[in-house]
1. Identify the single condition in (1) within 25 Å of the chain's Cα centre (by Cα); (2) crowded, with 16+ Cβ neighbours inside 10 Å; (3) hydrophobic (A, V, I, L, M, F, W, C) that Phe287 does not satisfy, given that it satisfies every other one.
2. Looking only at the stretch 565-584, count every residue that is closer than 30 Å to Asn429 by Cα and surrounded by fewer than 18 Cβ atoms within 10 Å (Cβ to Cβ) and tell me the total.
3. Go through the stretch 539-557 and count every residue that is part of a loop (DSSP other than H, G, I, E, B) and either of a type in the set (A, V, I, L, M) or open to solvent by 30 Å² or more (accessible area, probe 1.4 Å) (or both).
4. Pairs please, first residue from the stretch 418-433 and within 24 Å of Tyr399 (Cα to Cα), second anywhere and assigned to a strand (DSSP E or B) and of a type in the set (Lys, Arg), Cβ atoms under 8 Å, 6+ apart in sequence or on different chains.
5. Can you work out which of the residues in the stretch 478-502 that are open to solvent by less than 60 Å² (accessible area, probe 1.4 Å) and assigned to a strand (DSSP E or B) is farthest from Tyr558 (Cα to Cα)?
6. Restricting attention to the stretch 398-417, which residues are surrounded by 15 or more Cβ atoms within 10 Å (Cβ to Cβ) and either in contact (Cβ under 8 Å) with a residue 60 or more places away in the chain or farther than 16 Å from Ala452 by Cβ (or both)?
7. Is it true that some residue in the stretch 530-547 is more than 37 Å from the chain's Cα centre (by Cα), touching a residue at least 24 places away in the same chain (Cβ under 8 Å) and under 25 Å from Thr380 (Cα atoms)?
8. Please work out if Thr391 is closer than 22 Å to Phe509 by Cα and either of a type in the set (Ser, Thr, Tyr) or open to solvent by 20 Å² or more (accessible area, probe 1.4 Å) (or both).
Amino acid sequence: MKKSIFILVLLCATTAVWAQRKQTHRKTAAKQQTQKKAPAKSTAKPAANKPAAKEAAPDDVTQSKTVTITSSFKPSLRNASKINFSAATPVNDLELPKLQYRVPAQNLFFTYQPATLKPLALNPDSALRWDNSSYVKLGFGNYTTPFAQVGLSFGDPSKALVNVNADHISSKGSLPFQEYRKTGASVSGIFTPNDNVEWNGTVFFRNTNQYRYGFTPDTLKSYSKDSLKQQYTNFGIKVGLRNKQENEYGIDYNPTIAANAFSDNNHAREASFVLDAPLSKSFSKVFAFNLGVRADITSYKRDSVAKNISNNLFYVTPALQFKTPDFKLVAGVTPSWDNGAFHLLPNFTADARIVEERFVLQAGWVGSYNKNTYQSLSTTNPWLLQPTFLTNTRLGEEYAGFKGSAGAHFTYNARVSYLQIRNQALFVNDTLLGNSFNVVNENSMNDLRLHAEIGYTVQEKFSLLGGFSYNQYTNLKDNQKAWGLLPLEINGSLRWQVVKDFTFKSDVFFWDGPRYYNKSFGAGKQDPAVDLNLGAEFTVLPRLNIWLQVNNLFNNKYERWHQYQVLGTNVLGGVVYSFGQTAK
């Protein structure tokens, strides 16, 4: 009985506790829903009309819980870490950097006397043409020396350009028949049909009149002026074609064709035709193949009765070229046919750069020809009798030397050569009066040659050039000495623009006298000679300049050719008028 009552009481307590917990759970859920709608509102209180002490006591087994919301949820990201730079800023540098540039001077030196260069005027992109390539130069001097020179330019330099030049000078010295007259004219043009092809051509005429005044006292007799007259007339034409840049096959070409007619006042006639076709093929940046073909044909006849003389020269110049920035090598041979006789000439040259562009070593073994014609021989010696034969001089040269520059303005080069010369033309006085020269042939001789050049150039304002050549002729077979050839030559040239409107120039020549063979079959040696020339030109008006030229300042009446004394001091002066440009 007691057990049954205990079990019943335990069951009632358990039921009451379970009911209380369920009620508490419902109240909590309701409060949370109410807080969402009104977060500031507090939890519900018991009703006032119900007796709290009597009715709450049996149900209030556990105390009610209260949830208070103080603020709404606000999501945020954590502050990211920042990179701090601790390096200090550089100190202000107020000094300008000193930059040094080294540009080597590029000067060209020639062993011959080049023609005067005429710069072409710039053609700007405008309706007005600007050029200053036309001028007239007139003057007069002692020894009754009139002087005239004209230069004209026409056309568009980018497409077609034509230059016309003409000149005249004459003098009459103090000796009997010591007078000469030279007149010449030329027309040259350059035509560019497209960006890579250029045609060029020249037509020229030159006439020289002089008299054989080289008498010695015992041969001075009454001769008519016409019997002593010597006149040369030369007319020629030349046409060439070249590409400005390598074509798509890596080929450069520059063929030329020239024809020339030469005559004198004693019925001698000479005609020449020259075809020259050089070609170069590049296989890569370092390898190239060079090929040249030359045909030089000359027909010469002394008078209407004498037999015609032919002098023909043909040769081919194949060569392989290897070129890098510091080394250049050319290796080849030159098969040649000199009036039917075959000769194989060497063609080996090497250039090695030692110190960038400032010092270059040179060496080589080459063969070449000097074509001898009536025209070329009379240019060397104007007092020449009509030659009775024509042969071509063949040269074999072995050389070593160097070239380079020091600083931005100074250049130099030097070479020592050993030459084997075949068929060299020499000049001896005739045996009648001695006032003319015969050509004699030296079949074989050797020449030890020293040659050097120096130059100092500052833009176009200052130029000082000097040259030195020494020749020692030995082992002659047919003649005692090298008649008429100079053993030593020293020359210098100065061009100085002192101020904008004043230019000074000077030329000096010195040579040791050559050996001569006179009309009495006697040998001798000419005296050394010095010739100093001075000149100046200054502007007086925008288009008008005044010029002055003094030749042979020391009045040295030397003889370049035996029995022919040159003029003394010759002073000329005049004006130069330029046109084709708007005055500044």
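1. (2)
2. As a first pass, look at the stretch 565-584 and keep what is closer than 30 Å to Asn429 by Cα: 565-570.
Restricting the remaining residues to those that are surrounded by fewer than 18 Cβ atoms within 10 Å (Cβ to Cβ) gives 565-566, 568-569.
Going through the stretch 565-584 one residue at a time, the tally reaches 4.
3. Going through the stretch 539-557, the residues part of a loop (DSSP other than H, G, I, E, B) turn out to be 542-543, 552-557.
With the extra rule that they be either of a type in the set (A, V, I, L, M) or open to solvent by 30 Å² or more (accessible area, probe 1.4 Å) (or both), the set shrinks to 542-543, 553-557.
Total satisfying the criteria: 7.
4. Pairs that qualify, where the first residue is within 24 Å of Tyr399 (Cα to Cα) and the partner is assigned to a strand (DSSP E or B) and of a type in the set (Lys, Arg), are Tyr418/Arg449; Leu419/Arg449; Ile421/Arg394; Arg422/Arg394; Asn423/Arg394.
5. Here is the first cut: in the stretch 478-502, the ones open to solvent by less than 60 Å² (accessible area, probe 1.4 Å) are 479, 482-488, 492-494.
Okay, now just the ones that are also assigned to a strand (DSSP E or B), so 488, 492-494.
Values: Leu488: 16, Gly492: 19, Ser493: 21, Leu494: 23 Å.
By that ranking, first place goes to Leu494.
6. Glu398, Ser405, His409, Phe410, Thr411, Asn413, listed by residue number.
7. Initially, the stretch 530-547 is screened for residues more than 37 Å from the chain's Cα centre (by Cα), giving none.
The answer is no, given that none of the residues of the stretch 530-547 is more than 37 Å from the chain's Cα centre (by Cα), touching a residue at least 24 places away in the same chain (Cβ under 8 Å) and under 25 Å from Thr380 (Cα atoms).
8. On the way: closer than 22 Å to Phe509 by Cα: no; either of a type in the set (Ser, Thr, Tyr) or open to solvent by 20 Å² or more (accessible area, probe 1.4 Å) (or both): yes.
For Thr391, the condition - closer than 22 Å to Phe509 by Cα and either of a type in the set (Ser, Thr, Tyr) or open to solvent by 20 Å² or more (accessible area, probe 1.4 Å) (or both) - is not met.
The values are calculated or read from the model by the stated rules, or taken from the named source; none is laboratory data. These figures come from a predicted structure and were not determined experimentally. Note that each Cβ is placed from the backbone with ideal geometry, even for glycine, and that neighbours are counted across all protein chains shown. Surface accessibility is based on the protein's heavy atoms, side chains included, excluding ligands, DNA and RNA. Shrake-Rupley method; radii C 1.70, N 1.55, O 1.52, S 1.80 Å.
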